[in-house]
Amino acid sequence: MTGKHTENGHQRPVDKTNEYVRIENVTKRFGDFVAVDNVSLSVFKGEIFCLLGGSGCGKTTLLRMLAGFEAPTSGRIFIDGQDMADTLPYERPVNMMFQSYALFPHMSVEKNVAFGLEQEKLPRKEIDQRVAEMLDTVKLGELARRKPHQLSGGQRQRVALARALVKRPKLLLLDEPLGALDKKLREATQFELINLQEKLGVTFIVVTHDQEEAMTLASRMGVMDRGEIVQVGTPTEIYEYPSSKFVADFIGSVNMFEGRLIEDEPNFIRIQSPELNSTIYVDHGISAPPGASVWAAIRPEKIEIAREEPESTENRARGVVRDIAYMGDMSIYLVKIDSGKMVRVTLPNSVRQLSQRISWDETVWLSWDASSPVVLPQ
Ligand code: ATP
């Protein structure tokens, strides 16, 4: 993930003047259980918005309320400016693609894709034309006569997508759209999905529990925890500036140092952490009372590893390399620092200087830039 998300980001622009979906204080209870807890959110036209969260956090329930399969216990949902309270699922400008794809096994690809249009009783000629166009768009033209069981997982996924898109919804809801695909195919399909979305201009809301998928697909994403949306932002914002320990932990890997604010100026702060033998100096202020307990979160790729002792007496730690995992494009070092804490450091394998590589059991110095830590309240 680190390779995909650099400081500059690669995000597609979001037109924030064009609100397409507005969720206002929506709560959904099942008996005493609160599945979705007072969620408010705007999604703009042409976005791929990802709802990301662990199992049971309420993502699917939120999606089902947008589709009209569940009614909110309280709160309101607007799509294209219209309150959806009294609008039935099939009257909404929305289509949903299910995790299971729900293809008709006895129907050919072509017939599966045509099904929704036939229900609408469109003229045969128009149906044939739209189905052919859509199969071309998802590159399934040659497989039109096959049945679902004669297709690969990726091809079945494209049939489900074609079937949802052929009805020309303004909003497409996708529940774990790539969950059934293996890793390699999933990556290829992520880019196909982005291209398709850009070509058709449909607004996508995608539910996923896979953070890499959300980071790749999303123009913006909302991180959910126990029914609440805890942070909304572009993938870069969420990765670089998580607003809580939960988000920092959930998105990518991160080293958390527990500490106390010992200096708090408008343009810098110092944190004393019992987990380090040095202080942490951060080159921006935060709003927290003096002495407050905080977390300093530092991403593994922002930590340097060297044999030589750094000049600065702050933002550093000494340790011993306990484990190295070679991942091809990068290596992960697990370094046990003097306090006993394990720190994770990643290094790109761009240079082949094997003889100079730091190895197991070597004593090393870790250091980081004053701009690297994200300071979070405890
Ligand atoms: P997953 O990734 O596992 O699908 P999710 O984030 O999509 O999880 P939801 O399906 O939205 O989670 O469910 C949220 C919570 O609401 C879960 O604890 C679930 O058990 C509960 N829940 C969902 N539907 C119902 C229902 N019809 N009746 C009772 N509880 C429900």
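The values are calculated or read from the model by the stated rules, or taken from the named source; none is laboratory data. Source: prediction; values computed, not measured. Note that we place each Cβ from the backbone using ideal geometry, even for glycine, and neighbour counts take in every protein chain shown. Note: areas computed on protein heavy atoms with side chains; ligands, DNA, RNA excluded. Shrake-Rupley method; radii C 1.70, N 1.55, O 1.52, S 1.80 Å.
Ranking Gly222, Gln190, Leu140 by how far each Cα lies toward the positive end of the dipole of region 115-262 (charges on Cβ) leaves Leu140 at the top. Note on the chain: with a GNM built from Cα contacts shorter than 10 Å, the maximum mean-square fluctuation among Gly68, Gly58, Gly116 falls on Gly116. Where a ≥ b ≥ c are the square roots of the eigenvalues of the C-alpha gyration tensor, would you call region 144-286 rounded, which needs a/c under 1.5, or, failing that, prolate if a/b is larger than b/c, or oblate? Note, shape of region 144-286 comes out prolate. For Thr363, the solvent-accessible surface computed with a 1.4 Å probe is close to 80 Å², ligands and nucleic acids excluded.
Axis of helix 124-137 versus longest Cα principal axis of the chain: the two differ by about 20°, to the nearest ten degrees. Projecting the Cα atoms of Trp368, Tyr326, Pro290 onto the charge dipole of region 253-377, computed from C-beta unit charges around the Cα centre, puts Tyr326 farthest toward the positive end. With respect to the chain, whose longest principal axis is taken over its alpha-carbon atoms, helix 109-119 is tilted by about 70°. Shown here for region 73-179: GluC sites (Glu not before Pro) in loop regions (DSSP other than H, G, I, E, B) with at most 11 other Cβ atoms within 10 Å, namely Glu120. Summed over qualifying helices (DSSP H, 4 residues or more, each -39500 (n - 2.57)) and divided by its residue number, the chain shows a 222 nm mean residue ellipticity of -6500 deg cm²/dmol. Of interest is the spacing of the C-alpha centroids, which for region 75-115 and region 32-70 amounts to 16 Å.
For region 29-116, the set of chymotrypsin sites (Phe, Trp or Tyr not before Pro) satisfying both a DSSP loop assignment and a count of at most 13 other C-beta atoms within 10 Å is given as Phe69. With θ taken as phi - 60° and the Karplus curve 6.51 cos²θ - 1.76 cosθ + 1.60 applied, the whole-hertz 3J(HN,Hα) list for region 151-163 is 10, 7, x, x, 5, 4, 4, 6, 5, 4, 5, 4, 5 Hz, x standing for glycine and proline.
When Rg and the Kirkwood radius Rh are both evaluated on Cα atoms of region 253-377, their ratio Rg/Rh stands at 1.00. Reducing region 312-376 and region 245-308 to their Cα centroids gives an inter-centroid distance of 17 Å. Per residue, the accessible area of region 229-305 comes to 43 Å², computed with a 1.4 Å probe over protein heavy atoms only. Suppose every K and R has +1 on its Cβ and every D and E has -1 on its Cβ; what is the size of the dipole of the chain about the Cα centre, in Debye to the nearest 20? Dipole size: approximately 1580 debye. For region 225-274, trypsin sites (Lys or Arg not before Pro) meeting the loop criterion (DSSP other than H, G, I, E, B) and having at most 15 other Cβ atoms within 10 Å: Arg226.
Charging the Cβ of each Asp and Glu at -1 and of each Lys and Arg at +1, and nothing else, the dipole of region 74-113 about its Cα centre rounds to 160 debye.
Does anyone have the angle between helix 183-200 and the longest principal axis of the chain? Alpha-carbon axes, 0 to 90°, nearest 10? Taking Cα atoms only, the helix is inclined about 60 degrees. Carbon-plus-sulfur accessible fraction, region 253-377 (probe radius 1.4 Å, protein heavy atoms only): 48%.
Comparing Ile79, Ala160, His149 along the charge dipole axis of the chain, the residue lying farthest to the positive side is His149, per the Cβ-charge model.
Across the accessible surface of region 93-199, with the other protein chains kept in place and a 1.4 Å probe, carbon and sulfur atoms take up 51 percent.
The alpha-carbon of Lys59 sits under 28 angstrom from the alpha-carbons of these lysines, leaving out residues fewer than 8 places away in its chain: Lys4, Lys16, Lys28, Lys45, Lys167, Lys170, Lys183, Lys184, Lys199, Lys245.
Solvent-accessible surface of region 60-189, averaged per residue with a 1.4 angstrom probe and all protein chains in place: 53 square angstrom. Kirkwood-type hydrodynamic radius, the chain: 23.3 Å, calculated from all non-identical alpha-carbon pairs.
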